[in-house]
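Right, one structure below, let's go through it.
The values are calculated or read from the model by the stated rules, or taken from the named source; none is laboratory data. Note that the coordinates shown come from a computational prediction; the quantities given were computed from them, not determined experimentally. Cβ sites come from the backbone with ideal geometry, for glycine too, and all protein chains shown count toward neighbours. Side chains included, ligands, DNA and RNA excluded: accessible areas come from the protein's heavy atoms. Shrake-Rupley method; radii C 1.70, N 1.55, O 1.52, S 1.80 Å.
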Amino acid sequence: FVARHMFVRARERPRVPESPKHVCTAMSFGSADARATFCSRVFAADRVTSDASDAASVARAARRPFATSALRSLLPQVWRHFQGSQNRRSGGGPARRKASKVFVLIGRLHRWLRQHRALPGNLAEFERICRATSRLPRLRVRLGFRFLDPTGSGTWSVKNIVGFRERRRGRTSKHRRSELSWDYYEAFFRARIVPGAHAIIVERSVVRQSLTVKCEVRKRGHPDGPLAREPLVITAATRVLKSSDKRRKIMIQKGTCDLLPAIIFRPPAGPQQWTLVYLHGLGSCALQDYADRPHYFFDGSIALKVVVPTAPNRELSCYDSWWERRGLSGTWRLHRFRSWYDYLVDNGGVREDAIDWASLHVVQKALHHVVDQEAAELGGGGASAI
């Protein structure tokens with residue numbers, strides 16, 4: 001599984017803007033599981049969000065080796081570890097497994113954290129850090145969604161997620177719009193000092209919320225036109241070289257790289273701040289593989305627009321002997337793949353494959369057109385550096 005990110009700043013300013021707007025292009029290869037892993041990694045950096053904090057407490061704790069904000073970020077691990085300890089002591093009863101509070105002596109917590117992190121040796125100083133942490137706002141952690149059928153017989157579709165709802169907005173043979181909703185979960189953690197007991201209570205509460213995304217399916221014949229219009233050679237590069245021999249009677253087939261059908265996901269309300277152009281793997285299709293999987297890209301953290309184009313359907317030089325017949329009595333032709341470029345050899349992932357650079361250049365220009373359009377929509381004036 002390989003993932004490459006290409007971030008394009010839509011507008012450059014001397015200072016960091018308050019509402020940054022970017023265009024992100026991602027290329028991925030691999031199975032559906034790998035693509036789901038990629039999407040989870042894209043948002044992994046935003047899973048734990050920090051709210052407004054007590055400035056005075058954090059400023060004092062910042063001079064210590066172990067700051068108050070660091071202890072606050074460790075509350076989920078503290079709750080998980082000491083909840084397991086209480087379960088083992090109580091025999092693992094159902095009531096204990098669902099407990100929302102964990103009682104921990106400050107001395108015991110200090111010893112446990114010293115095994116993994118650099119903590120001050122003074123227990124009194126660590127107790128002051130715990131008291132400052134208890135005055136901070138709750139820590140929010142996104143837990144994600146839950147499948148209705150998590151077994152092997154279940155699917156990766158959004159229809160298999162708890163709280164799925166669909167609302168059709170309009171549907172024609174070339175255009176389909178709908179609103180897809182599903183539920184996701186968030187956990188809130190807070191530390192509370194027990195007066196006179198030299199102990200701390202870590203509280204955890206889980207909230208279930210709904211996430212809505214607008215889904216647009218764009219096919220050929222759409223009123224807005226294709227995403228790009230680049231001339232494309234469908235015939236494999238190896239056969240193009242052999243076409244100079246007239247005895248072979250090889251006909252060079254040409255087409256247009258329009259990147260359709262495409263799937264476009266938009267935030268439910270307001271303009272987006274980010275745009276992700278996601279390129280699928282070899283043989284996949286945006287309409288078949290991603291129209292019912294918006295949860296691969298959204299977790300409710302940012303106002304994101306996702307554009308999933310489809311690669312051109314072309315012949316590959318590495319499979320120029322894979323012939324197939326169209327229909328029972330149809331003509332024979334080379335098997336075609338949805339690929340972003342022509343593979344000259346297929347090394348099976350052992351080493352880098354040799355490719356036809358001319359075919360890649362055509363798709364590159366088409367994607368540049370899409371990126372420029374998205375940058376202009378975000379307010380960048382269409383001037384984007386790739």
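Just checking, which of C285, C257 is at pLDDT 95 or above, among the hydrophobic types (A, V, I, L, M, F, W, C) and under 22 Å from S157 (Cβ atoms)?
Details: C257 fails: under 22 Å from S157 (Cβ atoms).
Step by step, each of C285, C257 is checked, and only C285 is at pLDDT 95 or above, among the hydrophobic types (A, V, I, L, M, F, W, C) and under 22 Å from S157 (Cβ atoms).
Among the strands (runs of 3 or more DSSP E) confined wholly to segment 243-317, which include 1 or more residues that are touching a Pro at 6+ places or on another chain (Cβ under 6 Å) and within 18 Å of C215 (Cβ to Cβ)?
Working: elements: 254-257, 262-266, 274-279, 304-308, 313-315.
Result: 262-266.
Which count do you get for residues in segment 305-318 that are without any contact (Cβ under 8 Å) to a residue 60 or more places away in the chain and either open to solvent by 10 Å² or more (accessible area, probe 1.4 Å) or over 25 Å from R333 (Cα atoms) (or both)?
So in segment 305-318, the residues without any contact (Cβ under 8 Å) to a residue 60 or more places away in the chain come out as 306, 308, 310-311, 318.
Right, trim to either open to solvent by 10 Å² or more (accessible area, probe 1.4 Å) or over 25 Å from R333 (Cα atoms) (or both) and you get 306, 308, 318.
Total satisfying the criteria: 3.
Tell me, please, whether a residue that is at pLDDT below 95, open to solvent by less than 20 Å² (accessible area, probe 1.4 Å) and in contact with a strand residue (DSSP E or B) (Cβ under 8 Å, 6 or more places away or on another chain) can be found in segment 106-114.
Within segment 106-114 (the criterion being at pLDDT below 95, open to solvent by less than 20 Å² (accessible area, probe 1.4 Å) and in contact with a strand residue (DSSP E or B) (Cβ under 8 Å, 6 or more places away or on another chain)), the answer is yes, since at least one residue qualifies.
Might you check whether a residue that is more than 19 Å from A286 (Cα to Cα), modelled with pLDDT of 90 or more and in a loop (DSSP other than H, G, I, E, B) occurs anywhere in segment 165-174?
no
Would you call W332 open to solvent by 50 Å² or more (accessible area, probe 1.4 Å) and at pLDDT below 90?
yes
Which count do you get for residues in segment 233-286 that are crowded, with 20+ Cβ neighbours inside 10 Å, touching a residue at least 60 places away in the same chain (Cβ under 8 Å) and under 16 Å from K305 (Cβ atoms)?
Of the residues in that region, 6 qualify.
Could you list, in sequence order, the residues of segment 264-288 that are among the hydroxyl-bearing types (S, T, Y) and farther than 29 Å from V345 by Cβ?
Correct list: T275 only.
Counting just the residues of segment 369-386 that are open to solvent by 60 Å² or more (accessible area, probe 1.4 Å) and either within 16 Å of K305 (Cβ to Cβ) or not in a loop (DSSP other than H, G, I, E, B) (or both), which one comes out modelled with the lowest pLDDT? Steps first, answer last, please.
Step one: filter segment 369-386 for residues open to solvent by 60 Å² or more (accessible area, probe 1.4 Å), giving 369, 373, 377, 381, 383, 385-386.
Restricting the remaining residues to those that are either within 16 Å of K305 (Cβ to Cβ) or not in a loop (DSSP other than H, G, I, E, B) (or both) gives 369, 373, 377.
Numbers: H369: 96, Q373: 93, E377: 90.
Looking at the filtered set, the residue picked out is E377.
Looking at this structure, is R293 touching a residue at least 60 places away in the same chain (Cβ under 8 Å) and either among the basic types (K, R) or open to solvent by 10 Å² or more (accessible area, probe 1.4 Å) (or both)? Steps first, please.
Values: touching a residue at least 60 places away in the same chain (Cβ under 8 Å): yes; either among the basic types (K, R) or open to solvent by 10 Å² or more (accessible area, probe 1.4 Å) (or both): yes.
When the stated conditions are applied, R293 passes them.
Name the one entry in S210, S181 that is part of a strand (DSSP E or B) and open to solvent by 40 Å² or more (accessible area, probe 1.4 Å).
Working: S181 fails: open to solvent by 40 Å² or more (accessible area, probe 1.4 Å).
The unique qualifying residue is S210.
Could you grab the pairs with beta carbons closer than 8 Å, sequence gap of 6+ or different chains, first residue in segment 126-150 and assigned to a loop (DSSP other than H, G, I, E, B), second one loosely packed, with under 15 Cβ neighbours inside 10 Å?
P137/D51; P137/A52; R138/D51; F145/V162; R146/V162; L148/G154; L148/V162; D149/T155
Of the residues that make up segment 349-361, is at least one among the charged types (D, E, K, R), in contact with a Phe, Trp or Tyr (Cβ under 7 Å, 6 or more places away or on another chain) and modelled with pLDDT of 90 or more? Spell out how you get there, then give the answer.
Start the filter on segment 349-361 by keeping residues that are among the charged types (D, E, K, R), which leaves 351-353, 356.
Within this subset, residues satisfying the condition of being in contact with a Phe, Trp or Tyr (Cβ under 7 Å, 6 or more places away or on another chain) are 353, 356.
Retained after the next criterion (residues that are modelled with pLDDT of 90 or more): 353, 356.
Yes, there is a match, as at least one residue in segment 349-361 is among the charged types (D, E, K, R), in contact with a Phe, Trp or Tyr (Cβ under 7 Å, 6 or more places away or on another chain) and modelled with pLDDT of 90 or more.
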